Amino acid sequence: MQSKPPQPTKEWVEKTKKRIVAALGTGGLSGWQEDFLADILHQLQKHGDQKPLSDRQQWRLIEALEAAGV
């Protein structure tokens, strides 16, 4: 069983936004992953650490970032 992802902090949000932008620039993601990352980036830009991602969103985010190699 996977452990629960960490709750976002302001530092985590800023670092994650940079990683998402880098991942979107790799060209190595599926269309679904690109759309998902763009949606998460928008959510983080709008809400920061005030609206935490669900556990499922966090795991999908980790998977997409790893797939992009960032």
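For this structure, a couple of remarks:
- Computed from backbone phi with θ = phi - 60° and the Karplus coefficients 6.51, -1.76 and 1.60, the 3J(HN,Hα) list for region 48-56 is x, 8, 7, 10, x, 6, 5, 4, 5 Hz; x is used for glycine and proline.
- Computed 3J(HN,Hα) for region 8-16, one whole-Hz value per residue from the Karplus formula 6.51 cos²θ - 1.76 cosθ + 1.60 where θ = phi - 60°, is x, 10, 4, 4, 4, 4, 5, 5, 5, glycine and proline marked x.
- Surface accessible to a 1.4 Å probe, per residue, for the residues of the chain, Å²: 67 Å²
- Projection of the Cα convex hull of the chain, averaged over all directions and equal to a quarter of that hull's surface, yields 4.4 nm².
- Residue-wise HN-Hα coupling along region 24-38, computed from phi with Karplus coefficients 6.51, -1.76, 1.60 (Hz; x: Gly, Pro): 5, x, 7, x, x, 10, 6, x, 4, 5, 4, 4, 4, 5, 4
- Ordering of 12-20, 49-57 by packing [mean C-beta count within 10 Å, highest first]: 12-20, 49-57
- The residues neighbouring residue 63, those whose beta-carbon lies less than 15 Å from its own, together hold a net charge of -2 under the Lys/Arg +1, Asp/Glu -1 convention.
- Computed on protein heavy atoms with a 1.4 Å probe, the accessible areas place 32, 59 in the order 32, 59, largest first.
- Based on C-alpha pairs under 8 angstrom that are at least 6 apart in sequence, the chain has a relative contact order of 51 percent.
- Surface composition of the chain: carbon plus sulfur atoms contribute 51% of the solvent-accessible area (1.4 Å probe, protein chains only, all chains present).
- For residue 48, net neighbour charge (Lys/Arg +1, Asp/Glu -1) across residues whose Cβ lies under 13 Å away: +2
The values are calculated or read from the model by the stated rules, or taken from the named source; none is laboratory data. Keep in mind that what you see is a predicted model, and the values were worked out from it rather than measured. Here the Cβ is made from the backbone with ideal geometry for all residues, glycine too, and neighbour counts use every protein chain on show. Ligands, DNA and RNA are excluded from the accessible area calculation, which covers all protein heavy atoms including side chains. Shrake-Rupley method; radii C 1.70, N 1.55, O 1.52, S 1.80 Å.
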